[in-house]
Amino acid sequence: EGRALYYEGTLKDITEHKLAEGALRESEENFRMLIEHAPVAIFCQAGGCFQYLNPAALKLFGADTQDQMLGRPVLDYVHPDFHAALLERRRILMEEKKPVPEMEPVYLKVDGTPVAVAARAVPFKFRGEDAMLALARDITGHKLAQEALRQSEERFRDLFEKSSDAYMVVADGVITDCNAATMEMLGGERGEIVGLTPD
C-alpha cells in the first residue's frame with residue numbers, strides 16, 4: 001500500500017563536533033577582527049602579488065579599496081632600490097620557510113609617493129598556498145627627524161670647527177672635544193688635549 005512499516009537508523013552524538021565548529025568560528029572571527037583593527041599594516045602576498053591587505057595596509061599604500069591592490073605585483077609598490085633585497089627575502093621565506101629580520105625599505109603609494117617603512121615577514125599559508133605575511137609600519141616621520149638631526153649636527157660641527165673662538169666640550173670634568181681655535185691657543189693637537197681637565 002506504500003505505507004512505511006518502520007524506520008531504521010542510527011544516532012550519533014555530535015555535540016563535541018558542533019562545539020568544536022563553534023569554537024573554530026569564534027577563533028577565526030577573533031583573528032579576523034584582530035587583523036582588521038590592527039594599527040600596523042598587515043598584508044599577505046602569494047606568487048609575488050597581493051592577496052590580502054588590512055585597512056592599515058590600504059592606508060599605508062594610499063588605496064581606497066582592496067580592489068586597487070589585490071592581484072597586483074608587490075614589487076610595483078616598492079622603490080626599485082630595494083627590489084633585489086626583497087626578492088632575496090622572498091626566496092628565504094618561500095624556499096627555506098624562515099622568517100626574515102626587520103628591514104627598512106621604501107614603499108610606493110598608489111600615487112607614487114615614497115614612504116619609508118620598517119617591515120618584517122614570515123612564511124604563511126594562504127588558502128592552501130605558500131605565501132608570505134608581512135607587517136609594516138610607516139617610519140617616514142622618524143626618518144625625517146633623523147635627517148634633521150644629522151643636518152643639525154653637521155651645522156653644529158661646521159660652526160664648532162670653523163669658529164675663531166676657542167671651544168671645548170667638557171663632560172664629567174674632562175675635555176672630550178675641542179675645535180681648531182682651542183688647539184691653536186693651547187699649542188697642541190686634539191688627541192693631546194682630549195682627556196685633560198680644563199683647569
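The values are calculated or read from the model by the stated rules, or taken from the named source; none is laboratory data. Just so we're clear, the structure is a prediction, and the values are computed from it rather than from any experiment. Neighbour counts run over all protein chains shown; Cβ positions are idealised from the backbone, glycine included. The accessibility values were calculated without ligands, DNA or RNA, using every heavy atom of the protein model including side chains. Shrake-Rupley method; radii C 1.70, N 1.55, O 1.52, S 1.80 Å.
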Looking at the chain as a GNM with Cα springs under 10 Å, which of GLU88, GLU104, GLU36 has the largest mean-square fluctuation? GLU88
Using a basic spin-label model with each label point 7 Å from the Cα along Cα→Cβ, how many nm lie between ALA180 and CYS49? 6.1 nm
Rank ASP130, ASP64, ASP13 by mean-square fluctuation in a GNM of the chain with C-alpha springs under 10 angstrom and give only the top-ranked residue. ASP13
Suppose a student asked you for the relative contact order of region 1-68, using Cα pairs under 8 Å spaced at least 6 residues apart; what percent would you report? 19 percent
Ignoring ligands and nucleic acids, what accessible area does LEU5 show with a 1.4 Å probe (Å², nearest 10)? 150 Å²
Ignoring everything except DSSP H segments at least 4 long, calculate the 222 nm mean residue ellipticity for the chain; use -39,500 (n - 2.57) per segment, divide by total residues, nearest 500. -11500 deg cm²/dmol
Taking the chain as a Gaussian network, where each spring joins two C-alpha atoms under 10 Å apart, which residue of PHE124, PHE50, PHE160 fluctuates the most? PHE160
Of the candidates LEU159, MET183, ALA134, the farthest towards the positive dipole end of region 115-188 (Lys/Arg Cβ +1, Asp/Glu Cβ -1, centred on the Cα centre) is ALA134
For the chain, the Debye formula with one identical point scatterer on each Cα and no solvent gives log10 I(q)/I(0) at q = 0.14, 0.19 Å⁻¹ as -0.86, -1.28
Cβ charges +1 (Lys, Arg) and -1 (Asp, Glu), total dipole of the chain, debye: 780 debye
Give, rounded to the nearest 20 debye, the magnitude of the charge dipole that region 82-186 has about its Cα centre when Lys and Arg contribute +1 at Cβ and Asp and Glu contribute -1 at Cβ. 820 debye
Could you please report the charge total around ALA46, scoring K, R as +1 and D, E as -1 over all other residues with beta-carbon less than 13 angstrom from its beta-carbon? +2
Could you work out the local net charge near ALA136, counting Lys and Arg as +1, Asp and Glu as -1, over the other residues with Cβ closer than 13 Å to its Cβ? +2
Kindly express, to the nearest 10 degrees and within the range 0 to 90, the angle between helix 15-37's C-alpha long axis and the longest C-alpha principal axis of the chain. 30 degrees
Calculate, in nm to one decimal, what ALA85 and VAL122 gain on full extension: separation in residues at 0.36 nm each, minus their alpha carbon distance. 11.8 nm
